[in-house]
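Data first, discussion second: the structure below is written as structure tokens.
The values are calculated or read from the model by the stated rules, or taken from the named source; none is laboratory data. Owing to the predicted nature of the structure, the values given are computational and were not obtained by experimental measurement. Heads up, the Cβs are rebuilt from the backbone with ideal geometry, glycines too, and the neighbour counts pull from every protein chain shown. For the accessible areas, the whole protein counts, side chains as well, though only heavy atoms, and no ligand, DNA or RNA atoms are used. Shrake-Rupley method; radii C 1.70, N 1.55, O 1.52, S 1.80 Å.
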Amino acid sequence: MFETRVVSSRLEAIQEEYAPDAQVVDCSRDFETLPPAQAEDLGLLADALDPASYPAEWLPDDAPTLLSRYASSDFTIGMPGDGSVVWTRQTDPPTIIVKPRVEGSPESFVEFLIAEAFVELDLGVPEHFLGFFEADYHDLNRAVELDPGGTYQVAAALFDGWVGLQSRDVFASWHDDHPELAAAWQDAGTRLEDRVADLPRAVARGDTEFADAAELACAAIKHAIELPAPFAALDTEAYRDHGSDYAIRWAEKTFDSLAD
């Protein structure tokens, strides 16, 4: 199921600087959430497993089943929206998992995704948005006037944007010491620019759902791309400093304006 991945010398340098204790593994199958029995196979490569759990009262009654399972004592690795590379601190040492879906992607981009995981481990950010919003997820659920799946998607996007506000300064600093990885970061951002600029029109036309637009806009934050309203208000030091409180206020104002 899992096999240790040999990282390049470029990644070795990043790993040593940001997450020297982390291990990188390839997974033999794609997944959004690994069943506990398969996730426990990580125990063959890790020194110990430490499954995370969260208070059930943090979740609204209509929370998606997967989110409820994640909050429980089940050993849960990976959730919808995590992308092609997943990291976890539920193992000792922390583990970065590369999914098979990266096959066919430029090697420089795959290396950037792994490097990004090293940086996020170093930042000490939560593993999932539930650790970011905590009990305030109820407030976000009330503010976001979407079904439970849409609320989940917006919450994941907002968390991704908050992490991106912190990680992008690191990526921007790599141009001299890690130019290949910096170029991959910049190239990925360039590919997003036109799509992000058109988001307000796409939502207004009904071509893009609001939750999808939020996901794309917040993903662009880590690439330092200029965002259109209402997402531009998330690309601020205030969001970086105030985190979930700011995100909830943004959601309240945004959905109030959408209802007008």
Computed, not fitted: 222 nm per-residue ellipticity of the chain from DSSP H runs ≥ 4 (each -39500 (n - 2.57)), nearest 500, equal to -16500 deg cm²/dmol
State in Å² the accessible area per residue of the chain; use a 1.4 Å probe, count heavy atoms of protein chains only, and round to the nearest integer. 47
I need the calculated FRET efficiency for the pair Arg5 and Arg191, taking r as the beta carbon distance and R₀ as 22 Å, to the nearest 0.05. 0.30
Give the separation of the Cα centroids, the range 88-165 to the range 186-244, in Å. 16
For the chain, what is the charge dipole size about the Cα centre, in debye to the nearest 20, if Lys and Arg each add +1 at the Cβ and Asp and Glu each add -1 at the Cβ? 400
Rg in Å to one decimal, and Dmax rounded to a whole Å, for the range 84-191 via C-alpha atoms: 15.7, 45
Asp61-Ser105 pseudo-label distance in nm [points 7 Å out on the Cα-to-Cβ vector]: 4.0
Between the alpha-carbon centers of the range 1-17 and the range 21-78, tell me the distance in whole angstrom. 22
In percent, what relative contact order does the range 101-260 have, based on Cα pairs under 8 Å that are 6 or more apart in sequence? 29
For Asp122 and Ala48, calculate 0.36 nm times their separation in residues minus their Cα-Cα distance, and state this gained length in nm to one decimal. 24.7 nm
Rounded percent of accessible protein surface that carbon and sulfur make up, the chain, 1.4 Å probe: 45
Global geometry of the range 49-132, whether rounded, prolate or oblate, following the gyration tensor of its Cα atoms and the 1.5 cut on a/c: prolate
Sort all Cα-Cα distances of the range 132-260 into consecutive 10 angstrom bins from zero, then give the percent of pairs in each bin up to the one containing the longest distance. 13, 43, 32, 11, 2
Output the relative contact order of the range 1-155, whole-number percent, from Cα pairs under 8 angstrom with separation of 6+ residues. 28
Looking at the chain, do any whole DSSP H helices span at least 15 angstrom along their long axis by alpha carbon and average 0.0 or above on Kyte-Doolittle, and which? 107-123, 148-172, 210-221
Round to the nearest 0.05 the FRET efficiency obtained for Ala135 and Ala37 when R0 = 30 Å and r is the Cβ-Cβ distance. 0.45
Would you work out if the range 184-260 is rounded, prolate or oblate? Take a ≥ b ≥ c from the square roots of the eigenvalues of the alpha-carbon gyration tensor; rounded if a/c is under 1.5, else prolate when a/b is larger than b/c, oblate otherwise. oblate
Just the Kirkwood number for the range 1-73, please: inverse of mean 1/r across all distinct Cα pairs, in Å, one decimal. 14.9
Please label the shape of the range 1-43 as rounded, prolate or oblate, based on the square roots a ≥ b ≥ c of the eigenvalues of the alpha-carbon gyration tensor (a/c under 1.5 means rounded; beyond that, a/b larger than b/c means prolate, else oblate). prolate
